[in-house]
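> Next up is a structure, given as structure tokens.
The values are calculated or read from the model by the stated rules, or taken from the named source; none is laboratory data. Nothing here was measured: the structure is a model prediction, and the numbers come from that model. Counting neighbours? That spans all protein chains shown, and the Cβs are built from the backbone with ideal geometry, glycine included.
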Amino acid sequence: MATIDLSKPILDRNEKLAAENRARFDSAGVFVLDLMASPGAGKTSTILATIAALRDRYGIAVIEGDIASKVDAEKVKAHGIPAVQINTGGACHLESDMIQRAVDTLDLDALDLIIVENVGNLVCPTEFFLGEHAKVMILSVPEGHDKPYKYPGIFQISEAVILNKVDTLPVFDFDEDEFTSVVRSLNPTAPIFRIAATKGQGVDEWAGWLARRIEAVRTAAGKPPVGDAGAATGEEGPA
Amino acid sequence: MHEMGITQGILEAAVEAAERAGADSITEIRISVGELTEVVEFALQFAFEALTPGTIAEGATLVVTHVAPRSRCNDCGAEYDHDRFTMLCPECDSLNVTLLQGRELQIDSIETSEEPTEESQG
Ligand SMILES: Nc1nc2c(ncn2[C@@H]2O[C@H](COP(=O)(O)OP(=O)(O)OP(=O)(O)O)[C@@H](O)[C@H]2O)c(=O)[nH]1
Ligand SMILES: [Mg+2]
Ligand SMILES: [Zn+2]
């Protein structure tokens, strides 16, 4: 009998590949967002609304993760935005090797933002880093305000929380105060953005947050600031 | 069921380390799982039983240490244990806190054996 000490992350291989992806994104100055939500919460709709808000300023591409089909990538391509479809073939989340292969097909030099639509699931994507700069989750009003009690992990790992389909608040008994206070206790620093993606409502504030994050990554890579993003942060003035 | 992939990661790391050490079999694998992760022990054990037959870890025990969440308050300095749902400081109600532990997903050590425990088959 012998004891061998290992003391290393179980997902070591995924995490090392994620770090490689991240180094590539950082040197190209491309901000990568991992967008997570349950099926039908509005991931694709939010991506389309975000594209509409930011496409004049930034080069954007989308990586679509689904168990099967390419309908979401087609929806994005219809707007003239490059989209890569990953089919996980049954897997409930994306991993960093899938992202690496998808990114190989994109021209990073032409991009400032890659949005990854993770597989619709509130549990599995939380444990897998892809090389992203931020994980953000969407909860939609019809899913109910009690979801943070049932899926605390995803609310804790997210740097921002989007509450989508707020146009449907009048027809659901969604308690916004309770939702806000549970999210606060799970994740004290994450902003909560209330949006209706298909109506374009509330998207500006969310897009402003994202633009500031994009600018930080661009600046670190030595790219010049773009458009009015500096104005949004109150950092106007001669360079 | 991401526990299947996680268990695969545990097995790969354990088998690789055992083979490097020249061991013939693995009798025990010890891991730590933070209570803030979305990993269920029952599903890990289930996947472990499904994946180990035919490997040098066949018949091994998977020992899971659960790590309770603990945080430090950046305002008053208090360190405190908490549950999955409440991060805020119990001393001063501050939201400016740092998680110290509870998100572990780590393989700690393995127990190996040099003598074959039974006749190898086939
Ligand atoms: N009323 C309303 N409906 C919305 C809103 N956002 C999305 N929807 C609708 O919700 C449905 C699902 O939206 P998607 O954007 O496809 O959701 P998804 O999360 O990408 O779905 P999957 O990729 O299939 O998991 C569609 O019928 C959308 O039109 C919204 O803000 N308000
Ligand atoms: Mg979609
Ligand atoms: Zn305190």
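> If a residue counts only when it is more than 16 Å from ligand 3 (Cβ to nearest atom) and modelled with pLDDT under 95, which helices (runs of 4 or more DSSP H) contained entirely in the stretch A:148-221 have at least 1 such residues?
A:152-157, A:176-186
> Test B:F46 against the criterion of being exposed (fewer than 15 other Cβ atoms within 10 Å of the Cβ), among the aromatic types (F, W, Y) and outside any strand (DSSP E or B), and give yes or no.
On the way: exposed (fewer than 15 other Cβ atoms within 10 Å of the Cβ): no; among the aromatic types (F, W, Y): yes; outside any strand (DSSP E or B): yes.
Criteria not met by B:F46.
> Among the residues of the stretch A:99-137, what is the count of those that are touching a residue at least 24 places away in the same chain (Cβ under 8 Å), assigned to a helix (DSSP H, G or I) and over 21 Å from A:L48 (Cα atoms)?
So the answer is 6.
> Looking only at the stretch B:70-115, count how many residues are more than 16 Å from ligand 3 (Cβ to nearest atom) and surrounded by 14 or more Cβ atoms within 10 Å (Cβ to Cβ).
The qualifying residues number 15.
> If you take the residues of the stretch B:33-62 that are within 13 Å of B:G5 (Cβ to Cβ) and either in contact (Cβ under 8 Å) with a residue 40 or more places away in the chain or among the aliphatic types (A, V, I, L, M) (or both), which of them is farthest from the other protein chains (Cβ to nearest Cβ)?
This residue is B:A50.
> Can you say whether B:V97 is within 12 Å of chain A (Cβ to nearest Cβ), under 30 Å from A:N14 (Cβ atoms) and modelled with pLDDT of 95 or more, as far as the supplied structure shows? Before you say what the answer is, go through the steps one by one.
Numbers: within 12 Å of chain A (Cβ to nearest Cβ): yes; under 30 Å from A:N14 (Cβ atoms): yes; modelled with pLDDT of 95 or more: no.
Taking the combined requirement at face value, the residue does not satisfy it.
> Right, another one. Among the candidates A:S45, A:S27, A:S69, single out the residue that is on the phi > 0 side of the Ramachandran plot and either free of Cβ contacts under 8 Å to residues at least 40 places away in the same chain or assigned to a helix (DSSP H, G or I) (or both).
Every option except A:S69 fails the conditions.
> Continuing with the same structure: Out of all the residues in the stretch B:9-32, which are more than 10 Å from chain A (Cβ to nearest Cβ), surrounded by fewer than 17 Cβ atoms within 10 Å (Cβ to Cβ) and not in a helix (DSSP H, G or I)?
B:D24 - this is the single residue of the stretch B:9-32 that is more than 10 Å from chain A (Cβ to nearest Cβ), surrounded by fewer than 17 Cβ atoms within 10 Å (Cβ to Cβ) and not in a helix (DSSP H, G or I).
Listed here are the residues, each with its yes/no results for (1) at pLDDT below 95; (2) within 14 Å of chain B (Cβ to nearest Cβ).
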site: A:G80; (1), (2): no, no
site: A:A83; (1), (2): no, no
site: A:N87; (1), (2): yes, no
site: A:G90; (1), (2): yes, yes
site: A:H93; (1), (2): yes, yes
site: A:D104; (1), (2): no, no
site: A:D112; (1), (2): no, no
site: A:F128; (1), (2): yes, yes
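> For the stretch B:1-27, how many residues meet the condition of being farther than 14 Å from B:P53 by Cα and touching a strand residue (DSSP E or B) at 6+ places or on another chain (Cβ under 6 Å)?
Looking only at that region, the number is 7.
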